[in-house]
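Written out below as C-alpha cells is the structure these notes cover.
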Amino acid sequence: MSTFMAAAWLDLVPGADLDRVLRPLRERCETSFAALARTPDGPRLELQAVGAGYEELAPLCAELVTDDGPARRAFLALDHDEFGGEVVALAPGGRAYQFYIYPRDEETGEAYTDEGEPSLTGVPALTAPEPSGDPGAVLAGPAARERLASLYGVPLARVEEAGRRAADSHESLGSIGEPFEPWLDALAIEWSDEEATPLDGG
C-alpha cells in the first residue's frame, strides 16, 4: 500500500485568517484534511495531504510561516513511501531543522541516498549545515537541535533523545506516521483526535 502523504502542524498567530491557509490547500493538494486544535501555546492547525499533490504541502507551509504570515512555526512530516521520509521544522526566515529518513540495507545498514532528495532546499537554513556521519542529517547538527528546542520551548534533552531514537526510524518506513514519532513525542505534537475541529480542507 502506498504511503505517499504529508502532514503539517502550524501554530497560528492570534487572529490568523484560516482562509489564507485553507484556500491554497484546496487548490494545490488533491486530497486534503484540516483540523484545528487548542494547545497551551495557542491554536494549532493540522494539515494533511495524501497521494497526488502531497508534495505541495511543504512549500505551502514555507509560504505561510513568515514574519507577517498566519503561522509562527510549523513542523512537517513527509512520507515519500519507498523513497523514505523526512521531518522539517520551519520558523520565520526559513528551515530550523531537517532530517531525512533514508531507506537502509537490511544487512549493512547503508543508507540508500539515491532513493530520495530532501525537500525545501531552496528555503534558507537558519543555521549552517554541520558535518555528520548520518547522511540524513540535512540540518540536524548541534546548532539546529538547539534552535528546534528553543522554537518549541522544550528541553534540549528531548530533542537529543529524538535523534537517538531516529536511528531506527528507517525500520518503520511504510507504516503511516510511525517513522516520525521520535520528533512528535519530543515536541509534544499529537495527531488530531475527537477534540480537534475538522475543517473543510478539500
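The values are calculated or read from the model by the stated rules, or taken from the named source; none is laboratory data. Since the model is a prediction, treat every value here as computed from it, not as a measurement. With ideal geometry, Cβ positions are generated from the backbone for all residues, glycine too; neighbour counts draw on all protein chains shown.
Quick notes on this structure:
- Within the option set LEU78, LEU120, being part of a loop (DSSP other than H, G, I, E, B), among the aliphatic types (A, V, I, L, M) and modelled with pLDDT of 90 or more holds for one residue only, LEU120.
- Looking across segment 1-18, the residues that are more than 18 Å from LEU78 (Cα to Cα) and touching a residue at least 12 places away in the same chain (Cβ under 8 Å) come down to LEU12, VAL13, PRO14, ALA16, ASP17, LEU18.
- Residue in segment 86-98 that is aliphatic (A, V, I, L, M), at pLDDT 95 or above, within 21 Å of SER169 (Cβ to Cβ) and out of contact with any strand residue (DSSP E or B) (no Cβ under 9 Å at 6 or more places or on another chain) present: no
- Lone qualifier among GLU130, GLU171 - being of a type in the set (Asp, Glu) and either part of a strand (DSSP E or B) or touching a helix residue (DSSP H, G or I) at 6+ places or on another chain (Cβ under 8 Å) (or both): GLU130
- Residue list for segment 48-71, restricted to those being polar (S, T, N, Q) and either touching a strand residue (DSSP E or B) at 6+ places or on another chain (Cβ under 9 Å) or closer than 15 Å to PRO14 by Cβ (or both): GLN48
- Taking segment 64-114 as the range and being of a type in the set (D, E, K, R) and either surrounded by 15 or more Cβ atoms within 10 Å (Cβ to Cβ) or closer than 21 Å to TRP191 by Cα (or both) as the test, the residues that pass are ARG72, ARG73, ASP79, ASP81, GLU86, ARG95, ARG104.
- In segment 142-178, the qualifying residues are those that are over 20 Å from LEU126 (Cα atoms), of a type outside the set (Gly, Ala, Ser) and at pLDDT 95 or above, and the one that is surrounded by the most Cβ atoms within 10 Å (Cβ to Cβ) is ARG158.
- Some residue of segment 20-32 being modelled with pLDDT under 95, in a strand (DSSP E or B) and under 22 Å from LEU184 (Cα atoms): yes
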